[in-house]
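Have a look at the structure below before the remarks.
Rule-based calculations on the coordinates, nothing more; no lab input. Computed from a prediction, not measured in an experiment: that's the story for all the values here. In this analysis, Cβ positions are derived from the backbone assuming ideal geometry, glycine residues included, and neighbour counts consider all displayed protein chains.
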Amino acid sequence: MTTMKRIMKQYSYDIYKQCIDMSIEHPTHHHHVHTISMTRFSLYIISSTIQRVVLFTAIFFAIETIILSNYLLRV
């Protein structure tokens, strides 16, 4: 789990760095590009958060199902 977190953190940092580099590369369109990159970055954060929530929910339901089925089999 910690490795997954580390990968996610590194990945988001890389994307963020890429966005900053993009805005530095085009000083003429600085504001415009920066806005786009920040939007892309926030979209990435939102999507990764949604994925994480979905994953945790799926795991939770799987555990609940296993516990319930074991209980029903015992009865």
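Tabulated data for the structure shown
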read-out: Extension reserve of the Arg52-Met38 stretch, reckoned as 0.36 nm per residue once the Cα distance is removed; value: 2.9 nm
read-out: Spin-label model distance (nm) - Asn70 vs Tyr13, 7 Å beyond Cα toward Cβ; value: 3.9 nm
